[in-house]
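Working notes for the structure below.
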Amino acid sequence: MDADFLASGPFRALRHKNYRYYWFGQAISVIGSWMQNMAMQWLALKLTNSALLLSIVTAIEQVPVMILSLFAGAILDRKQKKRVILLTQSLLLTFAFLLFLITYTHVVRYWHLVVLALMRGLVTTFDNPARQSYMITLVGKDDLPNAVGLNSMIFNLARIIGPAVASLVISTAGIEMCFLANAISFVPVIVGVFLIDARESQKEENGKSVFTEVIEGLKYVYTNKVLLRTISLVLIMGTFILNFNVLIPVYAKLALGRNETGFGLLMSSMGIGSLTGAFLTAIRRKENINLNLLFKFILFVSIVYILLGLNKSYTVACILFVLVGLLAISFNTSANALLQLLSGDDFRARVLSIYFLCNAGTTPIGNIFTGTISQKISPWAGFYISGLVTIALTIIVLITTFKKRNL
């Protein structure tokens with residue numbers, strides 16, 4: 001890439017050598033992760049034919065995030081992020097290979113998926129905030145929003161490619177090959193992180209316990225009103241909107257009568273929108289990332305959810321999922337960037353751990369909520385009820401925000 005383009009263009013974070021090592025490794029790894037995500041969801045539904053049991057598999061992976069996320073942030077403030085990432089990525093490789101073995105040998109059972117999902121959740125509780133808080137070491141604060149956007153771009157490009165490839169692999173080579181592909185895909189990111197030579201700033205030992213630092217992190221967010229309201233919106237979004245692992249396979253199979261190919265295309269449609277949203281975040285000036293923008297994103301995605309709950313056309317569903325992807329990822333990346341920009345260096349990992357708690361740690365509740373509604377009422381109900389609840393709660397946060405401004 002041209003040097004001037006890297007210095008000022010939408011890919012400017014890639015001018016940093018260490019970030020390039022990280023980014024290109026991630027670009028390969030996340031494709032494998034999306035292949036496994038789709039394959040594991042489809043395998044769980046195939047083994048049980050139950051939306052509720054599928055929701056349990058997807059929910060159990062977030063239980064460690066819900067319980068341990070706050071402590072993970074405090075612990076990570078004391079650790080070298082590079083060492084943590086190498087360990088977590090190696091463990092995730094091992095879990096993917098185990099899943100391949102039990103599926104290939106035809107001994108896989110539903111409880112195996114539950115156990116492996118729980119183990120993955122435990123590792124990602126530390127892996128996600130470690131990787132996110134490591135980025136500022138690689139690119140600095142000025143290029144941080146761009147790095148967040150670029151990370152989201154490869155994640156969502158993989159959301160397009162991964163499910164499409166997975167559906168082809170499942171129908172031709174077997175579902176177990178998706179798990180093997182994911183295991184292999186971790187190798188480039190492990191090598192890339194190993195090559196990074198950035199120096200990390202080490203927090204001085206202050207004699208405080210992890211629990212004390214967790215409390216300090218919570219107080220820090222509570223006393224900053226913009227951080228608090230951003231986290232409140234992330235909590236609503238994470239609980240009632242980001243339940244794709246349950247809603248989409250159930251919607252594809254039970255509402256629209258589609259097979260794994262149709263499911264994969266719905267996921268890819270959402271990936272197209274997500275990629276667009278990530279690119280728009282990458283080129284957005286950091287001065288334009290604010291709380292009002294987050295309100296708009298969450299209200300619009302709720303409206304699209306209601307439309308999905310009323311829709312019975314597969315073509316229209318593909319179009320609506322493009323909008324879901326665009327709005328959801330625009331919200332997530334903008335909220336992530338806003339929280340990091342407003343956080344001090346001493347609290348960034350803890351603020352991010354709260355973000356991941358609200359963004360992903362609440363999805364067990366949301367997964368059970370939407371899975372139960374989809375099974376007890378209809379596969380459409382999970383969408384329109386989630387949309388209505390999200391609008392109601394967002395309006396409450398919006399009203400309290402304007403009241404505070406007028407005091």
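Data table
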quantity: Nearest-0.05 FRET efficiency for residue 292 and residue 172, computed from C-beta distance (R0 56 Å); calculated: 0.70
quantity: Label-point separation, residue 118 to residue 198 (7 Å along Cα→Cβ), nm; calculated: 3.5
quantity: Between segment 60-136 and segment 213-282, the Cα center-to-center distance that results, in Å; calculated: 19
quantity: Which of 224, 382, 259, positive extreme of dipole for the chain (C-beta unit charges); calculated: 224
quantity: For 197, 346, 127, order by how many other beta-carbon atoms lie within 10 Å, fewest first; calculated: 197, 346, 127
quantity: Förster-model FRET efficiency, 41 Å R0, residue 365 and residue 283, C-beta, rounded to 0.05; calculated: 0.75
quantity: Leading residue at positive end of dipole, the chain (Cβ point charges), from 162, 80, 365; calculated: 365
quantity: Dipole magnitude of segment 169-252 about its Cα centre (Cβ charges: Lys, Arg +1; Asp, Glu -1), debye to nearest 20; calculated: 400
quantity: Positive-end residue, the chain charge dipole about Cα centroid, Cβ charges, pick of 189, 106, 349; calculated: 349
quantity: Under 13 Å from the residue 319 label point (7 Å along Cα→beta-carbon), backbone N, segment 235-271; calculated: none
quantity: More than 12 angstrom apart: percent of Cα pairs within segment 340-401; calculated: 75
quantity: Per-pair calculated FRET efficiency, R0 = 30 Å: residue 102 and residue 80 via Cβ, rounded to 0.05; calculated: 0.35
quantity: Taking 270, 135 and counting other C-beta atoms within 10 Å, the order from fewest to most; calculated: 135, 270
quantity: Value of [θ]222 nm, deg cm²/dmol, for the chain, DSSP H segments ≥ 4, -39500 (n - 2.57) each, nearest 500; calculated: -27000 deg cm²/dmol
quantity: GNM top mover of 298, 102, 289 - the chain, alpha-carbon springs below 10 Å; calculated: 102
quantity: Burial ordering of 79, 208, fewest other beta-carbon atoms within 10 Å first; calculated: 208, 79
quantity: Segment 318-407, dipole about Cα centre (Lys/Arg Cβ +1, Asp/Glu Cβ -1), debye to the nearest 20; calculated: 260
quantity: Set 81/253; 141/225; 225/253; 208/296 screened for pairs whose C-alpha atoms are more than 32 Å apart; calculated: 81/253; 225/253; 208/296
quantity: Residue 341-residue 208 pseudo-label distance in nm [points 7 Å out on the Cα-to-Cβ vector]; calculated: 2.6
quantity: Student exercise, the chain dipole from Lys, Arg, Asp, Glu Cβ charges, in Debye to nearest 20; calculated: 620
quantity: Rounded D (µm²/s) - the chain, Kirkwood Rh over Cα pairs, Stokes-Einstein at 25 °C, 0.890 mPa s; calculated: 115
quantity: Full-extension gain in nm, residue 110 to residue 259, via 0.36 nm per residue minus C-alpha separation; calculated: 51.6 nm
quantity: Total formal charge among the other residues, if their Cβ is under 15 angstrom from that of residue 258, Lys/Arg +1 and Asp/Glu -1; calculated: +2
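The numbers here are math on the coordinates, done by the rules we state, and not lab data. This one's a predicted model, so the numbers in the text were calculated from it and none came from an experiment. Note that each Cβ is placed from the backbone with ideal geometry, even for glycine, and that neighbours are counted across all protein chains shown.
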